[in-house]
Amino acid sequence: MLAVVCEARKRGQSSFGKLAHYLQFGSGRSLKVSDETGEVIERGQMYYSEAILSARYADVEMQAVARQNTRVKDAIFHYVLAWQEGEEPAVEQWQAAVKRTQEAMGMADHQYVAALHRDATTWHVHVMSNRVHPDTYGCADLWKCHERLDIAIREIENLQGWKASRGLARWQDGRAVLLTKDEKKRQRLTRAGWQEAPQGPAAQMEHWRDEESFSAWVKGAPAQALNALMKRERVSWQDVHAELARFGLTLRHCGDSTTAMGGSASPGDRTTDIGSRDSGAASRLSVAHRVLERCAAFSARRFAGGSR
């Protein structure tokens, strides 16, 4: 499940009347008219809080209460609860979900109207809440509303048996807990699902530019070719350099002991040079270190004094 907070109108106040009409009947092409009576057909199932006296005049009641608090510029809190594709909530389930999210926002006793829609491939519920309390006329605080709704969503998923969705909270040890800063960062970098987010500058470059980095490429076909070469008998440094040259690569020392692999006019035009200052990139090319170590062992044992 997901909870999406809808942005308020940027110009002027939101309208209880217009939003209530949209929830109940839709707008534009989504409007459906009965051929027999000519009346507009309700868009989906409706649900009203106990603080609403009349379903027909719910928007009027909510507007009247909102006007009692002149300090509140926009009293509407509009959000959507969405189920995943293939999930179909029963009446009791989606109404219970609305109640739980209202409790999470501290508005269980407030006026609210909810509507169940299925215009797309998934079921979703629009909730229009009045931030102003009908008795005290105090205003509900929306601080960290996204986090509070996400915690409620994880609880609903666990209670009603829905598939877990990505969000700002996760289910752990029998309760919903907010993600850490590192988990949020990884999640923002992840495109879909719960797959591992890219790590390091090279991986993030691949993610945002949709291009394979030099670091990832050199660990593919070049590394496989070198591994196959090292399994052969009587391998020399000339064999290693010749194999790397097929991929437009060179192997050399940078500084005292740092090893680097760089491209040189290769067919793929991977003209990347990893210098000794870029210790992070050099360490990621661990294949080069392993090749040097093994080649050095071969040279010392079989080709002492041979040319590099």
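Every read-out reported here was derived from the displayed coordinates using simple, explicitly stated rules and does not represent laboratory data. On a predicted model such as this, the values are computed, not experimentally measured, just so you know. So basically every Cβ, Gly included, is an ideal-geometry build from the backbone, and we count neighbours across all protein chains shown.
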Anchor Lys73: lysines whose Cα lies under 26 Å away (excluding residues fewer than 8 positions away in-chain): Lys10, Lys18, Lys99, Lys144
Cut-off under 5 Å, modelled amide H: who pairs with Leu251 long-range: none
Computed lengthening from Glu7 to Ile41, 0.36 nm per intervening residue step minus Cα-Cα distance: 9.6 nm
Calculated FRET value between Lys163 and Ala242, using beta carbons and R₀ = 51 Å, to 0.05: 0.45
Cross-link reach list, lysines versus Lys219, counting only Cα pairs under 24 Å and skipping chain neighbours closer than eight places: Lys231
Table column - 3J(HN,Hα) (Hz), region 36-43, Karplus curve with 6.51, -1.76, 1.60, x for Gly and Pro: 7, 9, x, 8, 6, 8, 4, 6
Whether region 2-189 is rounded, prolate or oblate, judged on the alpha carbon gyration tensor where a/c under 1.5 counts as rounded: oblate
